[in-house]
Amino acid sequence: MEHKKMADYAYHYGLKVRIYPSQQQKEMIRRNADAARCVYNEHVAVNKEIARFGRRSIYIDFIEKRIEALRERIRTVTALKDRYPWLRHPDIDAQSIANARQNYQHAWKQFRAVHHAGVPNFHKKTSVESYQTNPHYSKGTEISLFTSNARFLDKHHLMLPKLKRIRFQGSRKMLDRLFAMKEVRIGTITITKDSLHRYFASFQLGSD
């Protein structure tokens, strides 16, 4: 039997905890945030250049070849890594790249649904850093807060992809309630460093 997806759960809610990464983990967070921003901006750059060609009523060979070359740059993760070899660094979480690509597509969906949302634009480098990752539940394992590669170890420690074991602090009352629940699925996890250099992990959770 396959695991239920996040959308299959009756209730969805969020949990935000403060995390306390080591210096090495801070560097990994920075590297993943840079990767996510680079991938998102590459999609923006490619599609802005394609848009500048406008609608064409006749076939112009060099324009069509340029457009195809641009599309090839973002067609696959491998193509992105060929263009930016540093994305192959072992500290970079594959999910941070996948989520950046997905977030770009989501931004276009938002624009088409609500035009005042604005078209996707470049993400500038600021003192705020963030990226998203996702847990992996092995086939046959029970869905809970404690069974994926992104999980709670106890009320003071987390295990996160690439970052591994990390200390956190959150509402004890909320954690007691969550830990007592039979089945809670972890969805997307957003890792953030704010402008005050504090670090947080925000979890999307689903349950029935």
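The values are calculated or read from the model by the stated rules, or taken from the named source; none is laboratory data. Source: prediction; values computed, not measured. A quick note on method: Cβ atoms are made from the backbone with ideal geometry, for glycine too, and the neighbour counts reach across all protein chains shown. SASA here: full protein model, heavy atoms, side chains in, ligands and nucleic acids out. Shrake-Rupley method; radii C 1.70, N 1.55, O 1.52, S 1.80 Å.
Scanning the range 183-208 for residues that are in a strand (DSSP E or B) and of a type in the set (A, V, I, L, M), we see that the one that is nearest to Y13 (Cα to Cα) is L205. On the stretch given as the range 108-137, residues that are over 20 Å from A36 (Cβ atoms), loosely packed, with under 10 Cβ neighbours inside 10 Å and hydroxyl-bearing (S, T, Y) total 0.
A residue that is under 30 Å from F179 (Cα atoms) and not β-branched (V, I, T) can be found somewhere in the range 117-129.
Just one of (1) polar (S, T, N, Q); (2) under 24 Å from K124 (Cα atoms); (3) at pLDDT below 90 fails for S57. It is (2). Among the residues of the range 46-97 satisfying the criterion of being in contact (Cβ under 8 Å) with a residue 60 or more places away in the chain and outside any loop (DSSP other than H, G, I, E, B), which is most open to solvent (accessible area, probe 1.4 Å)? Across the range 46-97, the extreme among qualifying residues is Q95. Residues in the range 130-182 that are in a loop (DSSP other than H, G, I, E, B), under 22 Å from P90 (Cα atoms) and touching a strand residue (DSSP E or B) at 6+ places or on another chain (Cβ under 9 Å): 9 in all.
The selection criterion, being out of contact with any Ser or Thr (no Cβ under 9 Å at 6 or more places or on another chain), open to solvent by 60 Å² or more (accessible area, probe 1.4 Å) and either modelled with pLDDT of 90 or more or closer than 29 Å to P161 by Cα (or both), holds for Q102.
Conditions (1) within 16 Å of the chain's Cα centre (by Cα); (2) under 28 Å from A98 (Cβ atoms), marked per residue:
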site: S148; (1), (2): no, yes
site: R151; (1), (2): no, yes
site: D154; (1), (2): no, no
site: K162; (1), (2): yes, yes
site: D176; (1), (2): no, no
site: G187; (1), (2): yes, yes
site: S195; (1), (2): no, yes
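Scanning the range 98-129 for residues that are outside any helix (DSSP H, G or I) and in contact with a strand residue (DSSP E or B) (Cβ under 7 Å, 6 or more places away or on another chain) turns up V128, E129.
Every residue, every condition in (1) in contact with a Lys or Arg (Cβ under 7 Å, 6 or more places away or on another chain); (2) at pLDDT 95 or above; (3) open to solvent by 10 Å² or more (accessible area, probe 1.4 Å); (4) within 30 Å of M174 (Cβ to Cβ), yes or no:
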residue: P21; (1), (2), (3), (4): no, yes, yes, yes
residue: R30; (1), (2), (3), (4): no, yes, yes, yes
residue: A33; (1), (2), (3), (4): no, yes, no, yes
residue: N41; (1), (2), (3), (4): no, yes, yes, no
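Residue count for the range 196-208 under the criterion of being touching a residue at least 60 places away in the same chain (Cβ under 8 Å), of a type in the set (A, V, I, L, M, F, W, C) and surrounded by fewer than 18 Cβ atoms within 10 Å (Cβ to Cβ): the result is 1.
Just one residue in the set K164, K193, K173 is charged (D, E, K, R) and open to solvent by less than 20 Å² (accessible area, probe 1.4 Å); that residue is K193.
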